[in-house]
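Right, one structure below, let's go through it.
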Amino acid sequence: MGTKRWVTPHRTAEPASLVAAAPPGYDVRVPKLRAVVTDLDNTLYPWVDYIVPSLEAMVGSLEATTGLPRVRIVQSLKAVYSKYESNEYPFAIQESEIFRPYEADFDSFNALVLEPARRAFKASRERYLRPYPGVRETLDRIRDRDLKVIGLTDAPRNAAELRLKHLKLDGHFDALYTLPGYPVPDHVDPEIRRREAEGYYRSRTPVVELSHDAEKPSTAGLRRILADFGLDGPEVVYVGDNVKKDMPVARACGALGVWAEYGTFVSAEYRERLAVISAKSVTLRHVAEETPTRWPLSISSFVQILEVLDGARWIGARRGLAARPQRAARRGRR
């Protein structure tokens with residue numbers, strides 16, 4: 001059976017995919033969609049484009065303040081990232097072997113080493129962490145249609161919440177489902193501990209922490225969402241960039257899987273730089289591997305989800321071609 005592509009049917013007064021009856025001449029009942037469930041990293045924003053320069057800036061700061069060789073710093077941090085399964089674990093420095101010679105006096109270490117490193121990371125994050133074009137507006141337009149917008153990510157709660165908060169996206173979701181968050185360690189700036197206790201770092205979006213074994217391609221996360229919101233699989237559009245982790249989840253739950261192919265476009269240079277500073281297990285979680293595997297329904301921009309919601313019809317395509325969103329043919333086209 002050949003690959004399929006989709007086109008949008010001629011628009012009527014109401015989007016075809018949101019009504020109960022099928023459009024004329026279409027012999028399959030069009031489901032009523034009630035929710036969009038979306039991955040976060042490399043689906044709503046380019047995670048690699050931000051994490052690589054931010055970690056490199058932090059490592060550069062540590063080189064300057066400690067005098068330690070770069071390789072020792074990187075290896076020490078990667079050990080902690082592997083333990084917490086996140087390159088954004090904010091307490092990695094004081095939990096690494098870098099801190100051991102200075103643990104008798106945390107205050108001076110915090111002022112002279114930690115604070116400059118935090119500033120370097122933050123400055124780079126402010127510069128490079130941006131949503132893909134049109135993401136905020138698209139999320140708003142989805143909710144304007146009375147559809148739920150729900151995030152499902154393999155990132156720990158803390159990191160996922162902070163990213164949505166930084167990107168000003170936390171008010172655009174009905175819920176966010178994450179892997180378990182990490183605790184605040186003993187050695188930490190008192191101001192950070194106070195802010196954590198006051199909920200300063202929490203997003204406005206309700207968050208559900210899943211168990212570690214819910215990591216995709218486990219279907220546990222999406223099945224939990226379906227149960228919590230009283231949804232059936234065919235009522236959900238599921239969007240994700242990882243064809244091996246996200247799309248099998250959609251298929252198993254009966255949801256309409258939409259492959260965010262644009263999120264797989266990571267340059268070879270950035271992949272190499274990420275491999276130097278990132279724990280391998282974390283890279284595999286956040287970055288889709290380069291693979292010849294395709295998915296029949298793909299988009300080249302998150303904005304095109306709106307075209308899916310306007311009513312996608314499956315039609316045959318040439319074998320071997322991934323699906324591309326095609327605008328509805330205009331009547332009377334020359």
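The values are calculated or read from the model by the stated rules, or taken from the named source; none is laboratory data. Because the structure is a prediction, the values reported are computed rather than measured. Note that we place each Cβ from the backbone using ideal geometry, even for glycine, and neighbour counts take in every protein chain shown.
State which residue pairs qualify: first residue of a type in the set (Lys, Arg) and inside the range 250-272, second residue at pLDDT 95 or above in any location, beta carbons under 9 Å apart, and separation of 6 or more residues or different chains.
Short answer, once both residue conditions are applied: ARG251/GLY257.
Condition test on ARG119, is it at pLDDT 95 or above, surrounded by fewer than 17 Cβ atoms within 10 Å (Cβ to Cβ) and either in the same structural domain as GLU88 (by TED's automatic domain parsing) or farther than 30 Å from ALA250 by Cα (or both)?
It is true that ARG119 is at pLDDT 95 or above, surrounded by fewer than 17 Cβ atoms within 10 Å (Cβ to Cβ) and either in the same structural domain as GLU88 (by TED's automatic domain parsing) or farther than 30 Å from ALA250 by Cα (or both).
List the helices (runs of 4 or more DSSP H) inside the range 96-202, counting only whole elements, that have at least 2 residues being of a type in the set (Asp, Glu).
115-128, 135-144, 190-198
Looking at PRO217, PRO248, which one is at pLDDT 90 or above, assigned to a helix (DSSP H, G or I) and either closer than 20 Å to LEU176 by Cα or out of contact with any strand residue (DSSP E or B) (no Cβ under 8 Å at 6 or more places or on another chain) (or both)?
Answer to the check: PRO248.
State all residues of the range 281-300 that are surrounded by fewer than 17 Cβ atoms within 10 Å (Cβ to Cβ) and touching a residue at least 60 places away in the same chain (Cβ under 8 Å); if no residue qualifies, say none.
The answer is SER281, ARG294.
Looking only at the range 138-146, decide whether some residue is under 28 Å from ALA57 (Cα atoms) and of a type outside the set (Ser, Thr, Tyr).
Checking the range 138-146: not a single residue is under 28 Å from ALA57 (Cα atoms) and of a type outside the set (Ser, Thr, Tyr).
Where residues in the range 177-198 are free of Cβ contacts under 8 Å to residues at least 40 places away in the same chain and over 26 Å from PRO101 (Cα atoms), which of them is surrounded by the most Cβ atoms within 10 Å (Cβ to Cβ)?
That would be THR178.
Could you list, in sequence order, the residues of the range 157-169 that are at negative phi and surrounded by fewer than 21 Cβ atoms within 10 Å (Cβ to Cβ)?
LEU162, LYS165, HIS166, LEU167
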